[in-house]
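**Student:** Have a look at the structure that comes next, please.
The values are calculated or read from the model by the stated rules, or taken from the named source; none is laboratory data. The structure displayed is predicted, hence computed values, not measured ones. Please note: Cβ atoms are built from the backbone with ideal geometry, for glycine as well, and neighbour counts cover all protein chains shown. SASA here: full protein model, heavy atoms, side chains in, ligands and nucleic acids out. Shrake-Rupley method; radii C 1.70, N 1.55, O 1.52, S 1.80 Å.
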Amino acid sequence: MITTTDTPTLSAKDLTCIRGTQTLFSNLSLQLSAGQWLYLQGENGAGKTSLLRILAGLTLPAAGTVCWQGTPIQTERADFHKSMLYLGHHASLKEDLTLTENLGSMMAMDGLPVTDAQIHDALSQMGLTKRQHLPTRVLSAGQKRRGLLARALLRPAKLWILDEPFNALDVQAIAHVQNLLKAHLASGGLLVLTSHQTPDLGQEAPGFVLNLSGPR
């Protein structure tokens, strides 16, 4: 069980996840407060993505409860999703649309329409100034990942849940994203992530590591 001395903002109690006939994890509990982060480790198939999706309210656990501000997320889904940003491992971008169009569509679905100028600024910060009006299908995997991460610059959310945010990124882009995560934590945000690369988020933000052992 991961605990803190502060009142938790995100908490989970006695979570169990079952896939098919296998139990990925059970009796898992955690707490995170503002400015804190949780790094999930484990081999492929250990249940990292499953736990992220449960914490994001996208998948129900076999047992246990996830709470936001002390309230079960299933009872306040709308309010919770306004406070949470989930970015999955696979880039959920429409291949025939540009990055600008993709982000505009995503923000509209979130009920937070933005201007092209705001999208332009976010993509520029991610080093995509010359790529934002190209069809997504012609972009590299790393460029798609940076385009997806630009959503974090447009959508205010207290809790970020990120599945492999450094995937397909080069060294310079990884450093930039880590700075973005540090700024989020410094502003009082919460972060849960999984990555094959150990994140370097500095000493200022208290972090926890949770290693999932996998099916049993």
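**Student:** Which ones in segment 39-55 are without any contact (Cβ under 8 Å) to a residue 40 or more places away in the chain and in a loop (DSSP other than H, G, I, E, B)?
**Tutor:** Once the filter is applied, which keeps residues that are without any contact (Cβ under 8 Å) to a residue 40 or more places away in the chain and in a loop (DSSP other than H, G, I, E, B), segment 39-55 yields only N44.
**Student:** Might you let me know whether segment 20-38 holds any residue that is outside any helix (DSSP H, G or I) and within 30 Å of R131 (Cβ to Cβ)?
**Tutor:** Yes: one or more hits.
**Student:** Among the residues of segment 146-162, count how many are over 21 Å from T115 (Cα atoms) and part of a loop (DSSP other than H, G, I, E, B).
**Tutor:** 1
**Student:** Take A175 and tell me if it is of a type in the set (A, V, I, L, M), surrounded by fewer than 18 Cβ atoms within 10 Å (Cβ to Cβ) and closer than 27 Å to S29 by Cα.
**Tutor:** Criteria not met by A175.
**Student:** Another question, if that's okay. Please tell me if P165 is farther than 17 Å from L30 by Cβ, part of a loop (DSSP other than H, G, I, E, B) and either touching a Phe, Trp or Tyr at 6+ places or on another chain (Cβ under 6 Å) or open to solvent by 50 Å² or more (accessible area, probe 1.4 Å) (or both).
**Tutor:** No, not satisfied.
**Student:** If you check every pair at least six apart or on different chains, which have Cβ atoms under 8 Å apart with a residue in segment 98-114 that is over 14 Å from L149 (Cα atoms) first and a residue that is hydrophobic (A, V, I, L, M, F, W, C) and assigned to a helix (DSSP H, G or I) second?
**Tutor:** L112/L154; P113/M107; V114/L103; V114/M107; V114/L154
**Student:** Next up: Report the residue count in segment 70-84 for those that are more than 16 Å from the chain's Cα centre (by Cα) and either small (G, A, S) or closer than 15 Å to G189 by Cα (or both).
**Tutor:** Looking only at that region, the number is 2.
**Student:** Quick one: what pairs do we get from segment 133-162, first residue hydroxyl-bearing (S, T, Y), second outside any helix (DSSP H, G or I), C-beta under 7 Å, 6+ apart or different chains?
**Tutor:** Matching pairs, first to second residue: T136/L93; T136/K94; T136/E95; T136/L97; T136/T98.
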